[in-house]
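Taking it in order: structure first as structure tokens, then the write-up.
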Amino acid sequence: MAIHISSETGLLKTVLVHTPGREVSLVNPAIKEDLLFDDIIFENDARTEHLEMLRVFRAAMPADGQVLEIVDLALEAFQQADARHEFVEMMISEFPFENIHAIKDQLLDLEPSKLLRFIVEGTLEGTFNLHPAPNLLFTRDLAAVVGDGIILSRAAKHARSREFLLIRILVKYHPLFEPVRNQIISIGKKQSIEGGDVLVAGHNLVLIGMSERTSFSGLMNVAGKLIHHGIEHILAVDIPKQRSSMHLDTIFTFTDENECVAFPPAIMDQTDNVVHLFGGGDHVQSRQCHTLKGALEELTGNRFTFMKCGGEDEISQYREQWTDGANLFALAPGVVIGYGRNTRTFETMVDHGYTHMTQYEFVEEYAGTGLDPKKKKKIAISFEGHELCRGRGGARCMTLPLLRNPVHS
């Protein structure tokens, strides 16, 4: 199977997700902040909401489209003893204070499904416990496909480290990732970058947020390697280093090739916070840009429309950004999905020519036929995610696209 991403909005063909399971029910409220959660999630409702979101994906995708569950791929990869052994060794090396070395032999003797349960839930037959990994729900952060290559993220927070080791094992051992194994970009242990900060604006243009989760050194390391791999332009976007805007995609996402939803205080009201990185001999060259919109227009030669998350009212902007109003996920050019509770954001998109459809209306109309990208439509799909929203991540956060059609084909 091919793996290729050349835009944020091309017709979705393959996407990697994780439907929440028992791991979210194992989050103790006393340590929820340590696990990067602001609230606890009710597993049954969150699971139902996620599965309903996937129904929308399948309705939009072509007949050969694939929605892949990361735990299914992990179980397949762990059928190989070498994959299980390497993962255990990586855990021992990465988490020296967890005493995992004491149960090394026990872990190596586990059948694949039980080892996977230990990774996701943190439980080992009642004899040894780690914290669960509830953030596996947010597959976006584990990696980013850029062109024919893949960036392997490195977690900024310890709570997510097991997930980031898991994606490394998948890329190395699962046959799905064979096409990208010669174009892997990774960074050092003291650096961090997460997929929520990487947006593929075009085949030669990538945005990377310098955020709470992506360090300056991690950004520069990845930017240099992307340029070496043939990407001509990187826009480094300096954003507030805070929980509410942990990644660039929490305040800015593409809805179409030249249209975006942005959180005004952190994007539209900012100046001189963007640096253009590009190749120059053996070195990465840089120049400061006045605004993100201006930089995008200059590098693409196209005019961009930035729609305001939360509309014109400042309080609504902050409220809807908090509930992921700017974290939209494109199923095709001009067709996006996001939490229905962000009503002002959807109203703003309607004002810009989008048709608002609920998840049920969209599935009823498109299930069995899929979207025809030749019939250009602008649709903003709202879905119910009242439990999922408690995890502080929207539709883009919960998806890792592996294959999209080119926007121009």
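Yes or no: region 63-84 includes at least one residue that is out of contact with any His (no Cβ under 6 Å at 6 or more places or on another chain), under 30 Å from H233 (Cα atoms) and of a type in the set (S, T, N, Q). No.
With respect to N204, determine if the residue is touching a Ser or Thr at 6+ places or on another chain (Cβ under 8 Å) and surrounded by fewer than 19 Cβ atoms within 10 Å (Cβ to Cβ). When the stated conditions are applied, N204 does not pass them.
Here Q106 meets each of (1) in contact with a strand residue (DSSP E or B) (Cβ under 8 Å, 6 or more places away or on another chain); (2) within 23 Å of Y173 (Cα to Cα); (3) buried (at least 19 other Cβ atoms within 10 Å of the Cβ) with one exception, condition (3). Checked against the criterion of being in contact with a Gly (Cβ under 7 Å, 6 or more places away or on another chain) and modelled with pLDDT of 95 or more, the candidates G338, G353 yield just one match: G338.
Yes/no matrix, rows are residues, columns are (1) of a type outside the set (D, E); (2) surrounded by fewer than 21 Cβ atoms within 10 Å (Cβ to Cβ); (3) under 30 Å from K378 (Cβ atoms):
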residue: G65; (1), (2), (3): yes, yes, yes
residue: Q79; (1), (2), (3): yes, yes, no
residue: D82; (1), (2), (3): no, yes, no
residue: E98; (1), (2), (3): no, yes, no
residue: H101; (1), (2), (3): yes, yes, no
residue: F128; (1), (2), (3): yes, yes, no
residue: A159; (1), (2), (3): yes, yes, no
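For region 316-365, taking the residues that are aliphatic (A, V, I, L, M) and free of Cβ contacts under 8 Å to residues at least 40 places away in the same chain, the one that is nearest to E257 (Cα to Cα) is identified as V350.
Residues in region 355-379 that are within 26 Å of I251 (Cα to Cα) and either among the hydrophobic types (A, V, I, L, M, F, W, C) or buried (at least 21 other Cβ atoms within 10 Å of the Cβ) (or both): M357, F362, I379.
Within region 141-164, being under 16 Å from the mean Cα position of the chain (by Cα) and in a helix (DSSP H, G or I) holds for D141, L142, R160, S161, E163, F164. Count, please, the residues in region 33-58 that happen to be at pLDDT below 90 and either in a helix (DSSP H, G or I) or surrounded by fewer than 16 Cβ atoms within 10 Å (Cβ to Cβ) (or both). So the count comes out to 4.
Which helices (runs of 4 or more DSSP H) sit wholly inside region 65-132 and have at least 1 residues that are in contact with an Asp or Glu (Cβ under 8 Å, 6 or more places away or on another chain) and of a type in the set (V, I, T)? I'd like the intermediate steps shown before the answer.
Details: elements: 70-77, 81-94, 104-109, 112-121.
In region 65-132, 112-121 are the helices (runs of 4 or more DSSP H) which contain 1 or more residues that are in contact with an Asp or Glu (Cβ under 8 Å, 6 or more places away or on another chain) and of a type in the set (V, I, T).
Residues of region 1-31 that are more than 21 Å from the chain's Cα centre (by Cα) and surrounded by fewer than 20 Cβ atoms within 10 Å (Cβ to Cβ): R22, S25, L26, N28, P29, A30, I31. Look at region 189-204: where a residue is on the phi > 0 side of the Ramachandran plot, no partner that is basic (K, R) sits 6+ places away or on another chain with Cβ atoms under 9 Å. The set of residues from region 308-330 being buried (at least 24 other Cβ atoms within 10 Å of the Cβ), among the hydrophobic types (A, V, I, L, M, F, W, C) and more than 27 Å from L403 (Cβ to Cβ) comprises just one member, C309.
In region 1-23, what residues are aliphatic (A, V, I, L, M) and over 30 Å from R404 (Cα atoms)?
As a first pass, look at region 1-23 and keep what is aliphatic (A, V, I, L, M): 1-3, 5, 11-12, 15-17.
None; the set is empty.
If we scan region 401-409, do we find a residue that is within 19 Å of C260 (Cα to Cα) and buried (at least 20 other Cβ atoms within 10 Å of the Cβ)? Looking for residues that are within 19 Å of C260 (Cα to Cα) and buried (at least 20 other Cβ atoms within 10 Å of the Cβ), one finds at least one in region 401-409, hence yes.
Scanning region 147-157 for residues being surrounded by fewer than 23 Cβ atoms within 10 Å (Cβ to Cβ) and touching a Leu at 6+ places or on another chain (Cβ under 7 Å) gives a total of 1. Scanning region 265-305 for residues that are without any contact (Cβ under 8 Å) to a residue 60 or more places away in the chain, of a type in the set (V, I, T) and not in a strand (DSSP E or B) turns up I267, T271, T291. Condition first: under 17 Å from the mean Cα position of the chain (by Cα) and over 15 Å from T250 (Cβ atoms). Now tell me which residues in region 307-335 satisfy that. Correct list: A330, L331, A332. How about region 39-70: which of its residues are over 22 Å from R404 (Cα atoms) and not hydroxyl-bearing (S, T, Y)? Across region 39-70, the qualifying residues are D39, I40, I41, F42, E43, N44, D45, A46, R47, E49.
Can you name the residue in region 336-354 that is surrounded by 22 or more Cβ atoms within 10 Å (Cβ to Cβ) and over 14 Å from I379 (Cβ atoms) and, of all such residues, is farthest from the chain's Cα centre (by Cα)? Only one residue fits best here, namely T348.
Every condition in (1) hydroxyl-bearing (S, T, Y); (2) surrounded by fewer than 19 Cβ atoms within 10 Å (Cβ to Cβ); (3) modelled with pLDDT of 95 or more is met by S382 except one, and the failing one is (2).
The values are calculated or read from the model by the stated rules, or taken from the named source; none is laboratory data. Predicted, not measured: the structure shown is a model, and the values here were computed from it. In this analysis, Cβ positions are derived from the backbone assuming ideal geometry, glycine residues included, and neighbour counts consider all displayed protein chains.
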